[in-house]
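Shown next, in structure tokens, is the structure this report addresses.
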């Protein structure tokens, strides 16, 4: 197995990326091809002791910044780590997947243009494994397609179904449509039409799901447009951060509470781990004809390592072949 | 001052509503007119000792259920507590405001049809005071208009500006547009057009705001469409609930952690109070020509009392007159 990793993606590249890759090849059965400014990448690699035949470096002189406009960057920077990386995946049987913590829009754009879409799928969608009160759920789309048509959400539902079954091992995943009311008559015209389509075409469709049920674990797959999905994950992140900040501030006001926090520490760390999205690897870009994984822009070495773990799983379980069989 | 309260609204009506009203007239300088099934309301009132001249009951034989379709219910049930209540507000100088914890869609519909819109405003919007890391912010719209046009968001921004200044006492409120990226080029065509309008017409517009900044307190007013706003508050509620459930479950696994929680109790209660939306009263329905306050469907007596407190404030500060002056 050989996974291509964008060495220049994310806020802490290439330092954290290379560190995560080194950890990953020690734990998982895959080789890695790092794409990026070769001198910088080799300088990072030189810090570690590892089997040299497991990691290869491919030079890509250009870098797309986290806030660069996606489409024009892909057009102008033909030698960016993202474009070179996706082209490697497209061009050869040798490679199995591409992972990037870089500019999400640019990764989506390059993957769509270079890899093309899976048969029967019109637009890409980004999925995300989220922790809930019960277990793990799959939220899709969290930001690839912000202005979808109802059939795009149908395709997301079909792809999520495959992902939940094959990768998350959920036998008969419950699929819910994120809406602002439980009744099928709720929401905009777009939502009503999507509800009709899902009812007709998805046997395990469980109806509308309200946003306050996302983290309850009622549904295994939660379908929404990329605009709303992006807001959902950012609000969740923000509430957790604000609650954490508030708790710390309050605890510091009282010595008793400080002692209390000390006694609770191991359980609190346990919760923190459960709520930490980096534990579950990256976010798969579904719908394109190739395995592409998007890692959080703030990715740490641990996040990259876990993204590689999740990707290894996708390669082993023939995710793309299964998608083509069940969705096309 | 005389505030009309829908006695039949919400999951715990009329019990919690009447209880909240009794508490309110003891604390605030307003009389209350309860609208609902008179016998049921009087039966509840009979449980309390209060000055009889402060509370009046107006009979409304019909009740609109929490999940009834909004528009047709308003058309068919002319004698519902919501319709009778809003008509009272419209019909007489004697009344100052209307509060309901009932079917939100029905309250929005009745208010729009009966009270009509403020000059210069095309659609209603529901605002919500939310606790942030810094202080309080105002999120608008949280569910009245799920399919708005850019000018509707402009009107929301102008109304939020007045609300933040007059009611929340923020001198020069920062106004942010909720979007999926900070740059003005981000988001759908709808978002870009809204961004242009706000830049042109709102002097204190602070640009786009990402969802992870909502609870940071960066902006005092956060503008979004009713579909997204509704999702934001439900996700926030859900994350807090799930985090709470998770913390309880983890703490129970360890006697040490249980002791820790006991020592932290007073600080945790303090946080709970800060994060509790019922502390800040109801959600004002802005844009209609009259003071209407929507209280949460799960409203407790405390929530109703606090909604009355917030409404008293709006009456005293001439919110409607100020809206007409600054928005029209």
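The table below gives the values:
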quantity: Residue match in the stretch A:92-108 (condition: out of contact with any helix residue (DSSP H, G or I) (no Cβ under 8 Å at 6 or more places or on another chain) and free of Cβ contacts under 8 Å to residues at least 60 places away in the same chain); calculated: yes
quantity: Given (1) over 19 Å from residue B:229 (Cα atoms); (2) out of contact with any helix residue (DSSP H, G or I) (no Cβ under 9 Å at 6 or more places or on another chain); (3) outside the structural domain of residue B:63 (by TED's automatic domain parsing), number of the condition residue B:164 does not satisfy; calculated: (1)
quantity: Test result for residue B:177, within 14 Å of chain A (Cβ to nearest Cβ) and over 19 Å from the mean Cα position of the chain (by Cα); calculated: yes
quantity: Any hit, the stretch A:285-293, residues being without any contact (Cβ under 8 Å) to a residue 60 or more places away in the chain and either over 13 Å from residue A:159 (Cα atoms) or touching a strand residue (DSSP E or B) at 6+ places or on another chain (Cβ under 6 Å) (or both); calculated: no
quantity: Any chance residue A:208 is assigned to a strand (DSSP E or B), within 28 Å of residue B:106 (Cβ to Cβ) and within 14 Å of chain B (Cβ to nearest Cβ); calculated: yes
quantity: Failed criterion for residue B:249 (all others in (1) surrounded by fewer than 17 Cβ atoms within 10 Å (Cβ to Cβ); (2) in contact (Cβ under 8 Å) with a residue 24 or more places away in the chain hold); calculated: (2)
quantity: Residue list for the stretch A:91-105, restricted to those being over 13 Å from the mean Cα position of the chain (by Cα) and at pLDDT 95 or above; calculated: A:95, A:96, A:97
quantity: Checking residue A:42 against (1) farther than 27 Å from residue A:145 by Cβ; (2) buried (at least 24 other Cβ atoms within 10 Å of the Cβ), the condition it does not meet; calculated: (2)
quantity: Helices (runs of 4 or more DSSP H) contained in the stretch B:211-328 and holding at least 3 residues away from chain A (no Cβ under 14 Å) and more than 14 Å from the chain's Cα centre (by Cα); calculated: B:301-316, B:319-327
quantity: Per-region count, the stretch A:194-205, residues part of a helix (DSSP H, G or I) and surrounded by fewer than 16 Cβ atoms within 10 Å (Cβ to Cβ); calculated: 4
quantity: Filtered residue count, the stretch A:114-151, keeping only those that are more than 14 Å from chain B (Cβ to nearest Cβ), outside any loop (DSSP other than H, G, I, E, B) and within 23 Å of residue A:103 (Cβ to Cβ); calculated: 7
quantity: The stretch B:171-185 - residue that is surrounded by fewer than 18 Cβ atoms within 10 Å (Cβ to Cβ) and at pLDDT 90 or above and, of those, farthest from residue B:218 (Cα to Cα); calculated: B:171
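Residues checked against (1) free of Cβ contacts under 8 Å to residues at least 12 places away in the same chain; (2) under 19 Å from residue B:142 (Cα atoms):
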{"position": "B:182", "(1), (2)": "no, no"}
{"position": "B:185", "(1), (2)": "yes, no"}
{"position": "B:199", "(1), (2)": "no, no"}
{"position": "B:208", "(1), (2)": "no, yes"}
{"position": "B:214", "(1), (2)": "no, yes"}
{"position": "B:222", "(1), (2)": "no, yes"}
{"position": "B:229", "(1), (2)": "no, yes"}
{"position": "B:240", "(1), (2)": "no, yes"}
{"position": "B:245", "(1), (2)": "yes, no"}
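The values are calculated or read from the model by the stated rules, or taken from the named source; none is laboratory data. These numbers come from a predicted model, not from an experiment. When we count neighbours, we look across all protein chains shown, and the Cβ atoms used for this are built from the backbone with ideal geometry, even at glycine.
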